[in-house]
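Read-outs throughout are calculated quantities, based only on the coordinates presented, and are distinct from any laboratory measurement. All values reported here derive from a predicted model rather than from experimental measurement. Using ideal geometry, Cβ is built from the backbone for each residue, glycine included, and neighbour counts are taken over all protein chains shown.
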Amino acid sequence: MDLQQHESADNSQALGRLQTLEHLLAIQATSLPAALTEASNVLAVTFQADKIDVFLYDEAKTSLIAVGTSETPMGRLQRQLGLHWLPVANGGRVVEVFQTGQPYHDGHVEEDREELRGIREALGIRSQMCVALEVAGQRRGVLAVASAQNERFSAESLQFLQTVSYWVSMIMERAELVERLTREATEQARQLVAEELVTVLAHDLGNYLTPLIGRSYILRARAEREGRTAELSDAALLYQGLQRFQRLINDLLSVGRIEQGLFTVVRQPVNLAELAATAATALQMPQFAVELELPDELIAEVDADRIEQALENLLTNAQRHAPDSPVVLALRREQRDGSVWAILSVQDQGPGIPPEIIPGLMQRFARGQRSRGLGLGLYLARKIAEAHGGLLTVESTLGKGTTFQLAIPIAGSGSLH
C-alpha cells in the first residue's frame, strides 16, 4: 500500500469512528436496556464484531448481566446458553476486568485457560476485548467485544474501545435519568389520581354518614329518656362507632387538603386543658380509659378543631397499639429557646416501637406490622403541629411504652395562665 492509499485508509477509519460516536450520541434514552442494545448494535458494525455486550453489575445477584447485547447470531446464541449472566464467583475475563478495572485484549481466546469454557467452546470466541464501564466515578460494568476470528482486533481497536466506553457510560447515565424521571412522573400521577379518588369518596361517604350520626343520637336520647338500658347501651356503641368512622373520613379529607395546599389553621384563644379533656372524653369507653394530667387552664392561640383532631389521632393510635395499657394525656407549659410552648403528651405502656420503624413513622400511609388503619393519623398530627409552627416527636422503648409529644408555641407569654 502506497502512502496515498494509507492516508486514505486512515481518513476512512477516522471518519467511521466519528460517525460511530455521532450514532451513539443520537441514541434515544427511552430505557436502559433499549439504549444499551442499540449502542451494542452500532458498535458491532463499527468493530465488525460477532458480538458486543454491555455487562452491568447486579449487586443483589452478585453477577454481571448483559443488559445490552448486539442482535447478532452470536449474541442470540449467548442468551440461549445463559452466558449473558456471569456470576462473579465463576470468574472469567469479563469478571476480571470488572474487578480490576484493567482492559483485556486477546486474539487467541481458545488458548486462554483463565477464560470460561462456555466462552471458549460453546460460543467459539477467538478474539476478545473488554474495558470497564464507569458512571460518575463508580465502576458499573464491562463493555465487551468478541469475534469468532483469531487476531481480529488490534491494540488501536482496544484504545478506541476505551474511548467508546465513556460514550456508553454517558448513554447509561442519560437512560437511567430518563427512567427515574419517568418512574417519578408515573408515581406522582398515580398518587394524584388516588388522592382525588379518595377525596371524592370520603366526601360522598360523609354525606351519607351525617344523617346516620344524627339518627343514632336521637335513638340514644330516646332510649335514655325512656329508661331502656339495653337499647341505650347499643345506641351509645352505635353512636361511638359512627363517630370513629366520621373521624376517619375527616382524616382522609384533611390529607387531600394538605396535598392540594389547601390545609389552613384558624387561630383563636383556646383553653387547651378543656380541649384535651374533650378529646379524651370522645374516645372513652370501658375497654379504653384515658388518665388526664391537666392544669385548670392553659390558653393558646390555636385552631381548636385541628388540635382536637391531632389529639384524637394520637389517642386512637395508643388505643390500637397498646389496648391493655394505661394511657396518660398530659398538658404542661415549657420554656424553649426563650419562648413559651404548650406540650401535649400521650403516653402508653405498650410494647413500644421498633427503632427501625421510627424514622418513617409519621409519613403518609406509614404502617407498622401490627397496624390496622390507613397510616394517616400520625401523619396528620405532625402536619397539624407544623401548621401551628410546632412539631410532633416520639420516644419509645421496646417493652416499656411510647410517648408522643405535640409541642405548640404559645403566642405571647401574656396568653399563658
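Quick one: dipole size for segment 268-415, taken about the Cα centre, charges +1 on Lys/Arg Cβ and -1 on Asp/Glu Cβ, in debye to the nearest 20. Can you show the working numbers first?
Details: 12 positive and 17 negative charges, 134 e Å.
Dipole magnitude for segment 268-415 comes out near 640 debye.
State the extension gain, in nm to one decimal, for the chain segment bounded by residue 174 and residue 400, taking 0.36 nm per residue of separation less the distance between their alpha-carbons.
Working: separation 226, 0.36 × 226 = 81.36 nm, distance 5.03 nm.
Stretched out fully, the residue 174 to residue 400 stretch lengthens by 76.3 nm.
Once you place label points 7 Å from the Cα toward the Cβ at residue 301 and residue 391, how far apart are they in nm?
2.3 nm
Just tell me which lysines come within less than 29 Å, Cα to Cα, of residue 61; anything on the same chain fewer than 8 places away is out.
Within the straight-line cut-off, residue 61 pairs with 51.
Please order 156, 59 by the number of other Cβ within 10 Å, starting at the fewest. Don't skip to the end; give the middle numbers.
Details: 156 9, 59 6.
Taking fewest neighbouring Cβ atoms as first place, the list is 59, 156.
Provide Rg over Rh for segment 13-182; use the alpha carbon set for both Rg and the Kirkwood Rh (inverse mean inverse pair distance).
Details: Rg = 14.8 Å, Rh = 15.8 Å.
Rg/Rh: 0.94.
In nm, what is the difference between 0.36 nm times the number of residues separating residue 79 and residue 289 and their Cα-Cα distance?
Working: separation 210, 0.36 × 210 = 75.60 nm, distance 6.56 nm.
Using 0.36 nm per residue and subtracting the Cα-Cα distance, I get 69.0 nm.
Please grab the % of Cα pairs in segment 268-415 that end up more than 22 Å from each other.
Values: 3849 of 10878 pairs.
The share of Cα pairs beyond 22 Å in segment 268-415 comes to 35 percent.
Identify, among 314, 358, 325, the residue whose Cα sits farthest towards the positive end of the charge dipole of segment 268-415, taking +1 on the Cβ of Lys and Arg and -1 on the Cβ of Asp and Glu, with the dipole about the Cα centre.
358
Near residue 400, which aspartates and glutamates are there with a Cα under 15 Å away, not counting those fewer than 8 places off in the same chain?
324, 348
Pop a pseudo-label 7 angstrom from the Cα along the beta-carbon direction at both residue 245 and residue 189 and give the gap in nm to one decimal.
Going from the residue 245 label point to the residue 189 one covers 3.6 nm.
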